[in-house]
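J.: Can you read through this structure? Questions will come right after.
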Amino acid sequence: MPRYDFEDGDLWGNMILSDLEAGASAWIYWNMIVDEKGGPWLVSEVHGNPEGNAQHPVVVVNRQTHQVSYTGLYYYLAHFSKFVRPGDRRVETEGKAEKVRCMAFQAPGGGMVAQLVNSGTQEARVRLAWHGRVLPVSLPGISITTLRW
């Protein structure tokens, strides 16, 4: 069965951040769209994929009702794919806030994007500093926030 819960996006948001920190220059996700049963999928004897295994799709389409559901992964992935564009370069960030991660990117023209992921269940208040200016930001629990300037 597919995962519908928004909180599942946090797992993937952190995975994207970790992969980019490790040097990845792109991130692609395989299970873009599945049906209400989590399929179709390939059952592979070699890989041992069981029938009915839990899928983490971006979009779920119910074949019976034609309802389209966007998962937490959809929204987290959308923050990266919409605001971090080809040619943007990751810039170093520093600081620490419990259960909060931040990654920033600079566009070739000089614009900046910061992705902040709050994996905690409570609101987190952080301060983003850039060239002597400080922006206080309130991050809802289990969320991703994009800042552009």
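Coordinate-derived values only; no laboratory data. None of these values were measured; they are calculated from a predicted model. Cβ sites come from the backbone with ideal geometry, for glycine too, and all protein chains shown count toward neighbours.
J.: By how many degrees, between 0 and 90 and to the nearest 10, does the Cα long axis of helix 8-21 differ from the longest principal axis of the chain?
T.: Around 60 degrees separate the two axes.
J.: Hey, got a sec? Which trypsin sites (Lys or Arg not before Pro) in the stretch 87-119 land in a DSSP loop and have at most 14 other Cβ atoms within 10 Å?
T.: Those that pass, being in a loop and sparsely packed, are LYS96.
J.: Turning to a different aspect of this structure: Under a point-charge model restricted to the Cβ atoms of Lys and Arg (+1) and Asp and Glu (-1), what is the dipole moment magnitude of the stretch 85-149 relative to its Cα centre, in debye to the nearest 20?
T.: Taking the Cα centre of the stretch 85-149 as origin, the dipole is about 80 debye.
J.: Add -39500 (n - 2.57) for each DSSP H run of 4 or more in the chain, then divide by its residues: what number comes out at 222 nm, to the nearest 500 deg cm²/dmol?
T.: -5500 deg cm²/dmol
J.: Measure nothing fancy, just the Cα-based angle from helix 72-83's long axis to the longest principal axis of the chain, in degrees from 0 to 90, nearest 10.
T.: 50 degrees
J.: Which value, in debye to the nearest 20, gives the size of the charge dipole of the chain about its Cα centre, when Lys and Arg are +1 and Asp and Glu are -1 at the Cβ? Don't skip to the end; give the middle numbers.
T.: On the way: 14 positive and 15 negative charges, 144 e Å.
Dipole magnitude for the chain comes out near 700 debye.
J.: So if I take the centroid of the Cα atoms in the stretch 98-129 and the same for the stretch 5-22, what is the distance between those two points in Å?
T.: Here the two parts' Cα centres lie 13 Å apart.
J.: Under a plain spin-label model, where a point goes 7 Å from the Cα along Cα-to-Cβ, how far apart in nm are MET32 and ARG63?
T.: 1.9 nm
J.: Something else: With the Cα gyration tensor of the stretch 85-149 giving a ≥ b ≥ c as the square roots of its eigenvalues, does the rule (a/c under 1.5 for rounded; else a/b larger than b/c for prolate; else oblate) give rounded, prolate or oblate?
T.: Prolate, since a/c reaches 1.5 and a/b exceeds b/c.
J.: How much net charge surrounds ASP19 when only other residues with a Cβ under 13 Å from its Cβ are counted (Lys, Arg +1; Asp, Glu -1)?
T.: Combined, the nearby Lys, Arg, Asp and Glu give +1.
J.: If all Cα-Cα distances of the chain are sorted into 10 Å bins from 0 onward, what percent lands in each bin, rounded to whole numbers?
T.: 10, 34, 31, 17, 6, 1
J.: Kindly state, to the nearest 0.05, the FRET efficiency for VAL134 paired with ARG89, given R0 = 22 Å and r defined as their beta-carbon distance. Mind dumping the intermediate values first?
T.: Values: r = 23 Å, r/R0 = 1.05.
For R0 = 22 Å, the calculated efficiency reads 0.40.
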